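The values are calculated or read from the model by the stated rules, or taken from the named source; none is laboratory data. These numbers were taken from a predicted model, which means no experiment stands behind them. We place every Cβ from the backbone using ideal geometry, glycine too, and count neighbours over all the protein chains shown.
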Amino acid sequence: MCTVTFLPKGNNRYILTSNRDETPKRAALAPEAYLVSGTTVYYPKDPLAGGTWIATDKNRYTVCLLNGGFEKHSHTPPYRISRGQMVLQFFEFGDVNSFRENFEFEGMEPFTFVIVESTSEAVNLSELVWDGSKLFSRDLNPEESFIWSSSTLYPEPVRAERRDWFEKWVLNQHDYTQSSIMEFHHSGGKGDAWNDFVMNRNGVVQTVSITSIEKEDAEFRMIYKDLLKEKGVIDASS
């Protein structure tokens with residue numbers, strides 16, 4: 001839930017990739033198809049709370065969650081529901097505006113929520129940030145590349161450094177492929193286990209998986225790499 005990149009591929013095509021930084025005791029289930037309020041949604045499942053951090057309906061929406069808003073906050077439970085449950089509840093609202101206007105954000109722990117909407121002709125990219133008391137919403141240029149790093153783990157100087165790594169990688173790409181961004185999410189950094197893309201803070205918090213969703217014309221490809229079980233890449237496209 002803690003490092004996310006968006007890559008535009010023109011028209012209605014894109015790649016969204018996420019590294020999940022979590023306690024290794026909180027392993028997730030590999031992506032499967034689940035029915036969410038009548039909609040088939042594909043996502044890796046957190047067995048503890050039953051939610052997820054990244055999901056797609058392979059039709060219109062792909063969404064991804066990061067813990068924390070603009071800056072690190074104090075964890076003061078209880079909260080209304082888990083943020084991973086909110087990800088799934090998004091698909092109950094039908095569109096971004098309905099979710100933004102009608103979801104009950106009060107009582108939620110701070111988060112950053114990336115929403116990619118794909119129509120037959122274009123991509124819309126939105127970012128919602130809940131700081132614990134106010135919702136901030138902005139539409140982003142879907143023709144640009146973006147990176148997010150969770151404020152709960154990475155202070156602003158580190159987030160800035162990670163943006164620099166990403167921007168340099170982007171400049172060296174002739175075209176974007178899912179395999180190349182997966183590799184970058186696995187190897188990006190400077191040899192600092194504390195803050196690299198695949199991080200490990202003494203086994204207490206570490207990068208446990210990488211998930212990537214590619215929209216290519218009329219097809220979606222979702223691949224998942226479990227870094228704890230080391231079973232290789234799981235293609236969850238079907």
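Observations on the model:
- When Thr119 is tested against (1) out of contact with any Asp or Glu (no Cβ under 9 Å at 6 or more places or on another chain); (2) of a type in the set (Val, Ile, Thr); (3) at pLDDT 95 or above, only condition (3) is not met.
- Pairs where the first residue, in the stretch 88-105, is in a helix (DSSP H, G or I) and the second is acidic (Asp, Glu) and at pLDDT 95 or above, C-beta under 9 Å, 6+ apart: Phe91/Asp57; Val96/Glu117; Phe99/Glu92
- Single residue of the stretch 138-171 satisfying the filter (outside any loop (DSSP other than H, G, I, E, B) and in contact with a helix residue (DSSP H, G or I) (Cβ under 6 Å, 6 or more places away or on another chain)) that is surrounded by the most Cβ atoms within 10 Å (Cβ to Cβ): Ser149
- Of everything in the stretch 101-135 that is among the polar types (S, T, N, Q) and crowded, with 21+ Cβ neighbours inside 10 Å, the residue that is farthest from the chain's Cα centre (by Cα) is Ser118.
- Qualifying residue in the stretch 172-186 (condition: within 19 Å of the chain's Cα centre (by Cα), more than 18 Å from Val4 (Cα to Cα) and not in a strand (DSSP E or B)): no
- Search result, residues across the stretch 1-12 that are touching a helix residue (DSSP H, G or I) at 6+ places or on another chain (Cβ under 9 Å) and either outside any strand (DSSP E or B) or basic (Lys, Arg) (or both): Met1
- Any hit, the stretch 221-238, residues being surrounded by 13 or more Cβ atoms within 10 Å (Cβ to Cβ), in a strand (DSSP E or B) and either at positive phi or in contact with a Gly (Cβ under 9 Å, 6 or more places away or on another chain) (or both): yes
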